[in-house]
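This report refers to the structure that appears directly beneath it.
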Amino acid sequence: MNYKHISIVFKKELKDIFRDKRTWIAGVLIPVLVFPLMFYLMGIGKTKMESNLQNDIHIAIEAKGQEAEIIGFIEEMEGIIVMKPEDPYLALENGEVKTVLVLGDNFQENIVNEKPAEIKLMYDEVSSESSMASSVVENAIRAYSEGVTLTRLSKLGITPEVLQPTVISWEAYVPEGQESKGDGAVLMMMTFLLPFLLMLYPVVGGMPAAIDLGSGEKERLSLEPLLSTGADRLSILIGKYLTILLASVIGVVTSLGGLVAASKISPEMMPMGFKISPLALTILISISLLIAMMLSGIMLSISVFAKSYKEAGTYLSPITIILMIPAYLTMFMDLKRLSTPLFFVPLLNAVLLMKEVLVDIINPLHIAITFSMCIALVVASLAFTKYMFSKESVIFRS
Amino acid sequence: MIEVKGLKKYFKDVEALKGIEFHVGKGEVLGLLGENGAGKTTTLRILATMLKPDGGTIVLNGKNVVEHPQEIRKNIGILFGGESGIYDRLTARENIAYYGELNDMSKEDIKERIEHLAKIFNMEEYIDRRAGKFSKGMKQKVAIARSIIHNPSIMLFDEPTSGLDVGGARIIQQFIQTCKEEGKTVIFSSHTMSEVEKLCDRVAIIHKGTIVESGYIDDLKQKYEKDVEDLFLELVGEK
Ligand SMILES: Nc1ncnc2c1ncn2[C@@H]1O[C@H](COP(=O)(O)OP(=O)(O)OP(=O)(O)O)[C@@H](O)[C@H]1O
Ligand SMILES: [Mg+2]
C-alpha cells in the first residue's frame, strides 16, 4: 500500500467521474430535485382536489316521482347544486353530476311514520371526486336525519344529551421536561423517510461511479495496463473505493439538501417542525456513513466481477430493492417495544436505530449492537473487496 | 533481458501453460506466434505480473518476477491490443501523465517526457483535448505514449495491430522498430506472419501451452525449407 498512489488514483477517478454527466445527474440533480418535485406535485394535486370540492358539487336526485322534504333540504344546502338531467345515470357517467341520490319507495311516508327510509348514493367508482362528493352529500343527509331525530326526541320529551353518554378527546402525552415531538403525521413521515434516504442514497449516488470504476475499466480494456503500472493493486483499489465512497456521501448530502429545500418550498406538505438532538444527529450521520462504507465496498466488488457496464448494472440494481425492504418492514413497528435481537439483523438494525434516535429513544445496548454489527460488516465488505480484486478469476473473468 | 524457464499456469483444471521456455536479450524482438488459445496472452500477463505463475521461474533484468513484482512493473510497458484503455473524459496529456505518476515519475519529468512524446508522435495539436472524440489513430498514439512514459526497458505487446487499419498497424510497427533501436527488450505476439518476419529477430512458436519451436527466422526457414507461414502451419497443424 502506498499513500501517494492511492491519492493519485483517487484524484484521477474523481476528475473522471465528475466530468461524467451521469454522476451529476444521479448524484446531484436527482437527489436534489426529487423531493421538492414530489412534494410540489403532491401539493398541486391536493390543492386542486380541495378547490374542486370547494366548488359547488353537482348532484342529481332520483325521486321516482315522490315528493319529499329532504329534496328541499338538500336543494337549499350551500355547496350542493341539484341538477335535473334527463338521464341522471348518463350524467353521472359523463361527470356532469358527481353523485345520484336515489330515494327509496315511500320515502316521505316512512319518515312521517317513523320507519327507516331508504336512500341510496350512486357514485362513480373510478372518479375520486365522485366518491368525495358522495361523502359530502352523505353528510348533508346526516344533517337532515339529525334534524328529524331532534324533532322526534322533543316530541317524546327527551333532551338530546341523553343520547350522548360520553365525550371523547385526544391528546399526546408529553412527559414533564420534554417537548412534543411535533405533529404525529410529520414524525411518522420523518421516521420513515430519513432512514430510507440514508440507506438508499449511498447507492443512488455511488452506483454510477462503482460501475465505471470497476467494470468500466474492464470494458474499455484499461484494467490490464493499469495493473501493470508501478502502483500495487491494493493502492489502486483503495483509491477507487474512496472515490465511490465520496460519491455515495455526496448522494446522501444532496438528497438531504433536497429534503430541506422541499420543506422550504412546500412547507404545508413537509413541515420541518420537529427537532433532532445533537446526539441523535451524530448517530444518524455515523450510521449513514458506515452504510455508505459497506455498500461502496460491495458495489465495487460486484462491479469488478462484472465484465461490462451492462452486466454490472444488472447485478447492482437489485441492491436498491434489497435496501428498501428494511425501511418498509419497519414502517409499522412500534418503536417503544423493539426486541433487542432485531438489532443483530444487518441493515434492519440500522433502520431501527435511526428511527429510535429520531424519536429520542437512546438505548445504549441497541446503539452498541448496531454499531458493532455495522463496523463488522464494513470490515467484511472491505476484506471481500480486497479478496475480489486480488483474485485472478475475477479480474480476468472471461 | 527476459529469461523464462519451465513456466506453468493452470486455470482450475486446465493447464494453459505446460513449461514454457524462452529468453530475449536486450535490443532484441521476440515474436510469440500461436493460434487462438495457445497461451500467448497468458504468458505475457504473467510477465507483466498480472497473473501468478504456478511453476517455473521468470527473471526480468536480473529480478525474479514473483519476488519483485512492483519493481518489475516500473520497468515494463505493455500494449495489449491496439488503442485500448484510454480514458475518454481525460485529455491525452492527463491519460499519459496518470501512468507517469503511478510509475513514480516526478512532475517535471512527466511534463518533459510528454512534450517529447507529443513531438515524436505528432500529438501536439490535441494533447490537451479530451480523448472521447479522438479518432482510432489518435487514441492509439496516446496509448503508445502512455505505455512508454516511464521509458521502460522491456516492452510487451499482445497482438498490438489486431483490428487496426493499415495506417494504424504501420504506426505500431514503427514504434516496435524504434523500441528495438533504443535497445529495449521486446516481446510481441501476433497472428500475422508478414509482420513477424518484418519486425522480429527470433520467433517462438507456442502451441497448446508449449513452445514447439524457436530460433532465428532465417535459421528456421533453412531448417524446414519453408517460409514462416508454412512452417508455422506444419508445426501447429493437427498431426
Ligand atoms: N482467465 C482465464 N480463466 C480460465 N481460462 C483461461 C483464462 N485465460 C485464458 N484461459 C485459457 O488458457 C488458454 C490460453 O489462453 P490465452 O488467452 O493465453 O491464449 P492466446 O494465445 O492469447 O489466444 P488468442 O490468440 O485467442 O488471444 C486457453 O485455453 C484459455 O481458454
Ligand atoms: Mg490472446
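All of the numbers you see were taken from the coordinates with simple rules; none came from a lab. Fair warning: this is a prediction, and the values are worked out from it, not measured in the lab. Here Cβ is always computed from backbone atoms with ideal geometry, including for glycine, and neighbour counts include all displayed protein chains.
Under the classification rounded if a/c is under 1.5, otherwise prolate if a/b is larger than b/c and oblate if not, where does chain B fall, given a ≥ b ≥ c as square roots of the Cα gyration tensor eigenvalues? Because a/c hits 1.5 or more and a/b exceeds b/c, chain B counts as prolate. Please say if the stretch A:1-79 is rounded, prolate or oblate, where rounded means a/c under 1.5 for a ≥ b ≥ c the square roots of the C-alpha gyration tensor eigenvalues, and otherwise the choice is prolate for a/b larger than b/c and oblate otherwise? The shape class here is prolate. Note on B:ILE120 and B:ASP165: with the Förster distance fixed at 25 Å, the Cβ-Cβ geometry gives a FRET efficiency of about 0.75. Shape class for chain A: prolate, because the ratio a/c of the largest to smallest gyration tensor axis (alpha-carbon atoms, square roots of eigenvalues) is 1.5 or more and a/b beats b/c. Considering only A:SER277, A:SER381, A:LEU289, and ranking their Cα positions along the charge dipole of chain A that arises from unit charges at the beta-carbon of Lys, Arg, Asp and Glu, the one farthest toward the positive end is A:SER381.
For the stretch A:298-397, the dipole from Cβ point charges (+1 on Lys and Arg, -1 on Asp and Glu) about the Cα centre works out to 280 debye, to the nearest 20. Treating the stretch B:1-68 as a set of equal point scatterers at the Cα positions, no solvent, please give the Debye-formula log₁₀ I(q)/I(0) at q = 0.14, 0.18, 0.21 Å⁻¹. Taking Cα atoms of the stretch B:1-68 as identical point scatterers yields -0.39, -0.64, -0.88.
For B:LEU51, the residues 5 or more places off, or on other chains, whose built amide H falls under 5 Å of its own are B:ILE46. Would you mind counting up the charge near B:THR43? Only other residues with Cβ under 12 Å from its Cβ, with Lys and Arg at +1 and Asp and Glu at -1. Counting the neighbours of B:THR43, the net charge comes to +3.
Taken as Cα centroids, the stretch A:366-398 and the stretch B:47-69 sit 29 Å apart, rounded to the nearest whole angstrom. Estimated from helical segments only, the mean residue ellipticity of chain A at 222 nm is -21500 deg cm²/dmol, where each DSSP H run of four or more residues counts as -39500 (n - 2.57). Taking Cα atoms, how many degrees apart are the long axis of helix A:184-213 and the longest axis of chain A, rounded to 10 and kept between 0 and 90? The angle comes out near 30 degrees. Report note on the peptides A:133-146, A:72-85, B:91-104: ranked by the mean count of other C-beta atoms within 10 Å, highest first, their order is B:91-104, A:133-146, A:72-85.
Here the calculated FRET efficiency for A:SER398 and A:PHE332, from their Cβ-Cβ distance with R0 = 51 Å, stands at 0.60, rounded to the nearest 0.05.
For the stretch A:354-362, what does the Karplus curve 6.51 cos²θ - 1.76 cosθ + 1.60, with θ = phi - 60°, yield as ³J(HN,Hα) per residue in whole Hz, taken in order and with x for Gly and Pro? Per-residue couplings from phi come out as 4, 5, 4, 5, 5, 9, 6, 8, 10 Hz. Distances between placed amide hydrogens fall under 5 Å for A:THR99 paired with A:ALA60, all partners being 5 or more residues away or on another chain.
Taking 13 Å as the straight-line reach from the Cα of A:LYS336, the aspartates and glutamates in range (excluding those fewer than 8 positions away in the same chain) are A:GLU356, A:ASP360. Report Rg/Rh for the stretch A:274-363, rounded to two decimals, where Rg is the Cα radius of gyration and Rh the Kirkwood radius. Computed over Cα atoms, the ratio is 1.07. Taking the Cα atoms of the stretch B:84-151, the ratio Rg/Rh between the radius of gyration and the Kirkwood radius comes to 0.92. Counting only other chain Cβ atoms within 10 Å of each residue's Cβ, the peptide B:64-74 averages 2. Mean partner shielding of peptide A:209-221, defined as the number of other chain Cβ atoms within 10 Å of each residue Cβ, is 1.
Computed about its Cα centre, the charge dipole of the stretch B:84-151 is approximately 400 debye, with only Lys, Arg, Asp and Glu carrying charge at their Cβ. For the peptide B:143-153, the mean number of other protein chain Cβ atoms found within 10 angstrom of a residue's Cβ is 1.
Placing unit charges on the Cβ atoms of the charged side chains and taking the dipole of the protein assembly as shown about its Cα centre, the candidate lying farthest along the positive direction among A:PHE332, A:LEU153, B:VAL29 is B:VAL29. Quick one: of A:LYS218/B:LYS8; B:LYS40/B:LYS63; B:LYS5/B:LYS136; A:LYS310/B:LYS184, which pairs are farther than 32 Å apart, Cα to Cα? Result: B:LYS5/B:LYS136; A:LYS310/B:LYS184 exceed 32 Å. Dipole magnitude for the protein assembly as shown: computed about the Cα centre from +1 point charges on Lys and Arg Cβ and -1 point charges on Asp and Glu Cβ, it is near 3040 debye. Scoring B:145-153, A:242-250, A:359-367 by mean Cβ neighbours within 10 Å over their residues and listing the highest first yields A:242-250, B:145-153, A:359-367. The equivalent ellipsoid that matches the C-alpha gyration tensor of the stretch A:52-163 spans semi-axes of 28, 16, 11 angstrom, in descending order.
Once backbone amide H atoms are built at 1.01 Å from N, B:VAL212 has B:ILE205, B:ILE206, B:HIS207 as its partners under 5 Å, excluding neighbours fewer than 5 places away on the same chain.
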